[in-house]
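Below: the structure, in structure tokens.
The values are calculated or read from the model by the stated rules, or taken from the named source; none is laboratory data. Just so we're clear, the structure is a prediction, and the values are computed from it rather than from any experiment. Note that we place each Cβ from the backbone using ideal geometry, even for glycine, and neighbour counts take in every protein chain shown. The area values use the complete protein model at the heavy-atom level, side chains included, leaving out ligands, DNA and RNA. Shrake-Rupley method; radii C 1.70, N 1.55, O 1.52, S 1.80 Å.
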Amino acid sequence: MLAYTLKRFSLAVLVALTVSFVTFMLLRFSGDPAAALAGVNATPREIEFVRVKYGLDRPVVIQYAAWAKRALQGDFGESNYFNQPVQAIIGGRLSVTMTLGGCALAFAVLLAVPMGVLAAVRPNTWVDRVALTISVIGQAMPSFFFGLILIIVFGVMLRWLPISGSDSWRHFILPSIALGYYATPAIMRLTRSGMLEVLASDYIRTAKAKGLRSGSVLFKHALRNAIIPVVSLLAVQFGFMLGGSLVIETIFAINGVGFLGYESIARADLPMVQAIVLLVSMFYVVLTFLADLLNAFLDPRIRVG
């Protein structure tokens, strides 16, 4: 297990370095950083002053090395719009986005995994058709449209839940459903296909022939093996929720990192955009690494392979 962990960790570090460099370069390719930092009405002299002040006149490799060194220390510079350290602003809003992403993932898992298991246990029945219908609707319906429907029905017409803000746990119910429902189809279909494959395996038939209880066969033997690819998918989906929360946070007026990213792009706040893109990318890398370790724990064959 130690050798496998070190191997996956080395790969994760390599991916993180590559992603950080690509993030750094993409924002350079989008335009002149000095002009963006100086502002729309800046004169050529002011732009040149900004270029020298922030070291943008140096070779790109040296700029990246200096930026990466500061980023490893938690220093992402100062926001052009807020005139505050970037890390302080993101830190104040990160908990909101993490809470929203965690609640959305929990909703998706609690809805998708049981549906996938039931659809696999009762294939080609009305249960299977209902699960697939819910899956198709969730895949076809954009999250922002579903969010607006939830606002109109449960917030405006029924007045059961608040439709904006993040002051209490009730404020996270509607946005979590809107964000989590979009991830439900992929999780449900993967759970269903995995369960169908495992239930047709020889060791499952052997377990049934030995007289083991159906519940034990289903959850202890079948689901444990069928859930392995789902774990990797959940890591990717959680990263997607953190990065894709921009639309949901905007619709429900939630001051998280996603909405902060939207504000920063609109205001050409280069240090903030750079930090948010890097943060979300690192979440993907870390979550994938943890998913690999969990899969190796659930299935020892992965460690050998």
Practice task
Show the residue pairs that are 6+ apart or on different chains and have beta-carbon atoms under 9 Å apart, the first residue being within the range 131-148 and closer than 24 Å to Ala120 by Cα, the second being of a type in the set (S, T, N, Q) and open to solvent by less than 60 Å² (accessible area, probe 1.4 Å).
Solution key: Ile134/Thr184; Ser135/Thr184; Gly138/Thr184; Gln139/Thr184
Fill in the blank from the handout: Per the filter on the range 151-193, residues open to solvent by less than 10 Å² (accessible area, probe 1.4 Å) and farther than 15 Å from Ala253 by Cα are Gly180, Ala183, Thr184, Pro185, Ile187, Met188, Thr191
Practice task
Take the range 27-72 and flag every residue that is at pLDDT 75 or above, within 22 Å of Leu260 (Cα to Cα) and open to solvent by 40 Å² or more (accessible area, probe 1.4 Å).
Solution key: Arg70, Leu72
Handout entry: Enumeration of residues in the range 78-101 that are out of contact with any Asp or Glu (no Cβ under 9 Å at 6 or more places or on another chain) and open to solvent by 30 Å² or more (accessible area, probe 1.4 Å)
Key = Glu78, Asn83, Ala88, Gly91, Gly92, Arg93, Leu94, Ser95, Met98, Thr99
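Yes/no per residue for (1) open to solvent by less than 30 Å² (accessible area, probe 1.4 Å); (2) acidic (Asp, Glu); (3) at pLDDT 80 or above; (4) assigned to a helix (DSSP H, G or I):
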position: Val230; (1), (2), (3), (4): yes, no, yes, yes
position: Phe240; (1), (2), (3), (4): no, no, no, yes
position: Thr250; (1), (2), (3), (4): no, no, yes, yes
position: Phe297; (1), (2), (3), (4): no, no, no, yes
